[in-house]
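The values are calculated or read from the model by the stated rules, or taken from the named source; none is laboratory data. On a predicted model such as this, the values are computed, not experimentally measured, just so you know. Cβ atoms come from the backbone with ideal geometry, glycine included; neighbour counts cover every protein chain shown.
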Amino acid sequence: MRKVKAKELSLEDFRNYGTFANLLQPELYGFGEPPIQFFRDMLQLSLGVPAASFSVNVVARRPFVITKTEFHSSCGEGILPLDNDILIHCGPATRNGVTPFDQFEVFRVPKGTMVCLKPGVWHHAPFALGDKPAHILVVLPERTYANDCGVVELKADQQIEIQP
């Protein structure tokens with residue numbers, strides 16, 4: 001089993017997979033002064049259609065082993081951990097559903113930091129850090145799970161152990 005060390009999010013390391021912003025500590029220019037400020041256009045997420053669907057993924061602590069991966073051909077995906085830091089794995093978009101196991105990377109995403117994955121990027125349910133479950137906001141076009149979700153179960157020799 002291959003082992004992968006989790007990386008801290010950085011624009012340089014994550015740029016092949018998408019973008020991110022800490023929504024709890026915005027650093028971009030905003031309108032207004034406290035007590036009311038508006039931080040505009042912090043992230044863009046290509047959904048491929050005009051209707052966005054907001055879902056919640058609740059992930060309890062489990063072994064740090066990647067056993068499954070998925071991709072969406074026609075849209076990106078937004079992932080926002082609300083109350084706990086998480087780990088996500090990413091692999092570059094590929095042709096014909098070929099899974100790039102040897103290119104997977106793992107990133108630590110602090111709570112309040114939203115990542116926007118590009119269309120085709122390989123990923124799956126995040127891993128919760130800490131002892132409590134993580135509540136994660138997921139943004140996708142409506143019914144993507146039924147219409148545009150290529151899921152691959154990894155064989156034992158393809159599974160990857162994450163080193164947090």
Which listed residue is under 25 Å from Pro141 (Cα atoms) and loosely packed, with under 15 Cβ neighbours inside 10 Å, from Val65, Val115, Val56: Val56
Residues satisfying the stated conditions in the stretch 42-80, i.e. touching a strand residue (DSSP E or B) at 6+ places or on another chain (Cβ under 6 Å), within 14 Å of Tyr145 (Cα to Cα) and not hydrophobic (A, V, I, L, M, F, W, C): Ser53, Ser55, Asn57, Thr69, Glu70, Gly76, Glu77, Gly78
Requiring at least 1 residues that are aliphatic (A, V, I, L, M), the strands (runs of 3 or more DSSP E) wholly within the stretch 16-119 are 18-22, 52-59, 77-81, 86-90, 105-109, 113-117
Given the residues Leu140, Leu129, Leu117, which is the only one that is aliphatic (A, V, I, L, M) and closer than 23 Å to Met1 by Cβ? Leu129
Asn84: of a type in the set (S, T, N, Q), farther than 18 Å from Leu11 by Cα, crowded, with 16+ Cβ neighbours inside 10 Å and out of contact with any Ser or Thr (no Cβ under 8 Å at 6 or more places or on another chain), yes or no? yes
Only residues that are among the hydrophobic types (A, V, I, L, M, F, W, C) and more than 13 Å from the chain's Cα centre (by Cα): list them for the stretch 105-133, please. Leu129
Can you tell me which of Val106, Val121 is buried (at least 17 other Cβ atoms within 10 Å of the Cβ), farther than 21 Å from Pro63 by Cα, touching a strand residue (DSSP E or B) at 6+ places or on another chain (Cβ under 9 Å) and at pLDDT 95 or above? Val121
Return yes or no: is Ala21 at pLDDT 85 or above, of a type in the set (A, V, I, L, M) and touching a Pro at 6+ places or on another chain (Cβ under 9 Å)? no
